[in-house]
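None of the figures in this text is laboratory data; all of them are computed from the coordinates on show. Source: prediction; values computed, not measured. Counting neighbours? That spans all protein chains shown, and the Cβs are built from the backbone with ideal geometry, glycine included.
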Amino acid sequence: MSRFEHTVTVDVPVREVYDQWTQFEEFPRFMEGVQNVVQQDDRTLQWTAEIGGRQRTWTAEITDQTPETRIAWKSVSGAENGGAVLFEPDGPDRTKVTLRMDVDPDGFVESVGDALGFVDRQTKADLEHFKSFIEERRQATGAWRGEIHGEEVVRR
């Protein structure tokens with residue numbers, strides 16, 4: 001399993017940055033290769049992406065979600081991955097966003113791509129695309145302000 005970590009500073013307040021990240025179905029707008037994300041319920045996301053020229057699907061569960069602080073997930077079927085995105089205010093109108101991911105390449109092509117740094121570079125590029133997306137908008141396309149801690153979901 002490969003681990004990636006990238007940080008970007010966004011010139012938008014933490015609330016707006018966090019709120020945008022909770023809009024998972026918008027991810028194809030700024031994540032290359034992500035074709036579709038369907039939020040099935042408060043905790044469950046169905047992903048479809050093109051990885052190494054192959055279409056991959058997986059289901060991920062949010063394991064921890066604390067507004068304006070952290071969203072963590074793990075795959076429960078399909079492509080193995082997990083990680084967390086952390087949000088940290090950097091002044092009143094700036095936010096430091098750190099994306100940590102663990103990815104298990106599947107097959108020869110994905111393993112070679114991973115070894116050559118393609119996945120790492122794509123992860124960093126997607127974070128930069130997110131930065132551009134939210135900075136251009138200056139406000140989130142929506143928000144979910146609930147909390148998730150393990151199996152417990154608290155809607156607000």
(message) Could you derive backbone 3J(HN,Hα) for segment 40-50 from the dihedral phi with the Karplus parameters 6.51, -1.76 and 1.60 (θ = phi - 60°), listing whole Hz in sequence and x where the residue is Gly or Pro?
(response) 7, 7, 4, 10, 10, 10, 9, 10, 9, 8, 9
(message) Quick query: amide H of GLN35 versus all other amide H atoms, modeled in the peptide plane; which residues come in under 5 Å with a sequence gap of 5 or more or a different chain?
(response) THR48, ALA49, GLU50
(message) Given points 7 Å out from each Cα along the Cα-Cβ axis, report the GLN35 to ARG3 separation in nanometres with one decimal.
(response) 3.2
(request) In whole Hz, with x marking every Gly and Pro, tabulate ³J(HN,Hα) for segment 65-71 from phi via Karplus 6.51 cos²θ - 1.76 cosθ + 1.60, θ = phi - 60°. (result) 9, 10, x, 6, 10, 6, 9
(request) Please list, in chain and number order, the residues 5+ apart from GLY146 or on another chain whose amide H is under 5 Å from its amide H, with Hs placed from the backbone. (result) ARG156
(request) Let me have the relative contact order for the chain, percent, based on Cα pairs under 8 Å that are six or more residues apart. (result) 31
